[in-house]
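The values are calculated or read from the model by the stated rules, or taken from the named source; none is laboratory data. What you see is a predicted model; the values in this text were computed from it and never measured. Quick reminder, even Gly has a Cβ in these numbers, built from the backbone with ideal geometry, and neighbours come from all protein chains shown. Heavy atoms of the whole protein, side chains included, go into the accessibility calculation; ligands, DNA and RNA do not. Shrake-Rupley method; radii C 1.70, N 1.55, O 1.52, S 1.80 Å.
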Amino acid sequence: KNEVEQSPQNLTAQEGEFITINCSYSVGISALHWLQQHPGGGIVSLFMLSSGKKKHGRLIATINIQEKHSSLHITASHPRDSAVYICAPNTGNQFYFGTGTSLTVIP
Amino acid sequence: KAGVTQTPRYLIKTRGQQVTLSCSPISGHRSVSWYQQTPGQGLQFLFEYFSETQRNKGNFPGRFSGRQFSNSRSEMNVSTLELGDSALYLCASSLEPRGSGNTIYFGEGSWLTVV
């Protein structure tokens, strides 16, 4: 049973394209994190959401608690955005993780 | 301000041995959590410590254990290593426990290979 479904699994985009990554979850959450992992392992927490929408630079994250769905958008994508993006719902007691979306942005 | 520091970064162990990994959180952070990442299972939550107490534990066998010291540094131990324990082990810290809504900060991870 997968508590978190993330799509797409792999995504290739041309530089400048608008990108959307989707995450659906089945658990009740206190917050949802979007994580970015570059080759080599290091993980950065991009957003922590409990409602609505957040924006950092070219990145936008939204969440619909009723529909148990979140999206990560990247506007004007750049090759340095190439990474694995992971959705991580947090129930407060347990952290669940999506399988990740591997994004490659081609110059 | 220094980030989350994990040591060692890379290590190779033999089946049956045990291993201890260390995590130094960001100064002032009292919550430390541990995660295992493998190609097959992805990221999985191991356990979380806050003020030297284990708050939550994921679905891992008793061979996986951890502790937290009074200075918030944490160690995790895996005994009787199996080939399937080969993974990237990540530590993360936050000011307060994860459910409180604080941002979490990850270390670079410890790459464990069991042969």
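General remarks:
- For the pair A:Ser51 and A:Thr75, the difference between a 0.36 nm per residue extended length and the Cα-Cα distance amounts to 6.6 nm.
- Mean Cα-pair separation over length for chain A, i.e. relative contact order, pairs under 8 Å, 6 or more apart, %: 38 percent
- Estimated distance in nm for a label pair at A:Ile60 and B:Arg63, the labels positioned 7 Å out from Cα along Cα-to-Cβ: 4.8 nm
- Cα gyration tensor shape for segment A:37-107, rounded if a/c is under 1.5, else prolate or oblate: oblate
- Three-way shape label, chain B, alpha-carbon gyration tensor, a/c 1.5: prolate
- Point-charge dipole on Cβ atoms (K/R +1, D/E -1) for chain B, about Cα centre, debye to 20: 80 debye
- Under the simplified labelling scheme, the A:Glu17-B:Leu95 pair shows an inter-label distance of 3.9 nm, with each label point 7 Å from Cα along Cα→Cβ.
- Loop-located trypsin sites (Lys or Arg not before Pro) in segment A:13-75 (DSSP state not H, G, I, E or B) with no more than 14 neighbouring Cβ atoms inside 10 Å: A:Arg58.
- Net dipole in debye of the protein assembly as shown [+1 Lys, Arg Cβ; -1 Asp, Glu Cβ; about Cα centre; nearest 20]: 380 debye
- Cα gyration tensor, the protein assembly as shown - rounded (a/c under 1.5), prolate or oblate: prolate
- Positive-end ranking of A:His56, A:His38, B:Thr80 along the dipole of the protein assembly as shown, with charges on Cβ about the Cα centre, is headed by B:Thr80.
- Heavy-atom accessible surface of segment B:1-99, averaged per residue, reaches 46 Å², computed with a 1.4 Å probe.
- Per-residue average of Cβ from other chains inside 10 Å of B:40-51: 3
- FRET efficiency for A:Asn10 and B:Thr38, using Cβ-Cβ distance with R0 set to 22 Å, rounded to 0.05: 0.75
- Cβ-derived FRET efficiency at R0 25 Å, B:Thr53 paired with B:Thr80, nearest 0.05: 0.45
- Sequence of B:Ser33, B:Ser86 from largest to smallest accessible area, 1.4 Å probe: B:Ser86, B:Ser33
- Short-range pairs are left out: with C-alpha atoms under 8 Å and at least six residues apart, the relative contact order of chain B is 36 percent.
- Cross-link partners of B:Lys57 among aspartates and glutamates, defined as those whose alpha carbon lies under 18 angstrom from its own and excluding same-chain residues fewer than eight positions apart: A:Glu3, B:Glu48, B:Glu75, B:Asp85, B:Glu96.
- Within chain A, GluC sites (Glu not before Pro) in DSSP loop having at most 10 other beta-carbon neighbours inside 10 Å: A:Glu67
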